[in-house]
């Protein structure tokens, strides 16, 4: 009789709780609820980034009034945005930029305004919904380019990769001189 009672209690305790009883940290042990391990930010020198948001371009329309520069500053970049050609000219003349981000339609003209020195900023265009062949041509014309629309984390990863590319190119140029 005791054995039957013990077996009955064990069966009831095994069947009893129908829901998950999650305590602190236990949610990480559930297969569908893991933590997000994203790529760590690159330590070291952070780039000065100029973002040209031409209101008539797709990039300007997509971003709208979003605080792009403030977002980039929060993650460690020195950033500024300009909305007109005159402001862009002033910012370029001021100098000190490592990277200029612009819509694909504005990028060739911006690249033409920049000097061809090794310290000149790199122009990184954002191409919205291009075809495969069109984007392949963009990649031939520009060392770094982004296909938009793009999610925030993918954009930040592309920026980190581009900053690393700029640093490598500049260190190669210094070694060559």
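The values are calculated or read from the model by the stated rules, or taken from the named source; none is laboratory data. Quick caveat, the model's predicted, so the values are computed rather than measured. Here the Cβ positions follow ideal geometry from the backbone for every residue, glycine too, while neighbour counts run over all protein chains shown.
What number of residues within the stretch 33-62 satisfy the criterion of being within 18 Å of residue 122 (Cβ to Cβ) and either part of a helix (DSSP H, G or I) or modelled with pLDDT under 55 (or both)? Going through the stretch 33-62 one residue at a time, the tally reaches 3.
State all residues of the stretch 82-95 that are part of a loop (DSSP other than H, G, I, E, B) and surrounded by 12 or more Cβ atoms within 10 Å (Cβ to Cβ); if no residue qualifies, say none. Step through it out loud before you land on a result.
As a first pass, look at the stretch 82-95 and keep what is part of a loop (DSSP other than H, G, I, E, B): 83-84, 95.
83, 84 - these are the residues of the stretch 82-95 that are part of a loop (DSSP other than H, G, I, E, B) and surrounded by 12 or more Cβ atoms within 10 Å (Cβ to Cβ).
Would you say residue 19 is more than 16 Å from residue 152 (Cα to Cα), modelled with pLDDT of 90 or more and not in a helix (DSSP H, G or I)? Spell out how you get there, then give the answer.
Values: more than 16 Å from residue 152 (Cα to Cα): yes; modelled with pLDDT of 90 or more: no; not in a helix (DSSP H, G or I): yes.
So residue 19 does not fit the description; no.
Per the listing 101, 75, the residue uniquely under 23 Å from the mean Cα position of the chain (by Cα), within 16 Å of residue 46 (Cα to Cα) and modelled with pLDDT under 90 is 75.
Starting from residues that are outside any strand (DSSP E or B) and touching a residue at least 12 places away in the same chain (Cβ under 8 Å), keep the ones in the stretch 64-81 and report whichever is surrounded by the fewest Cβ atoms within 10 Å (Cβ to Cβ).
Taking the stretch 64-81 first, the residues outside any strand (DSSP E or B) are 64-77.
If we keep only those that are touching a residue at least 12 places away in the same chain (Cβ under 8 Å) as well, we get 68-69, 72, 75-77.
Details: 68: 18, 69: 18, 72: 22, 75: 12, 76: 14, 77: 20.
So the residue we want is 75.
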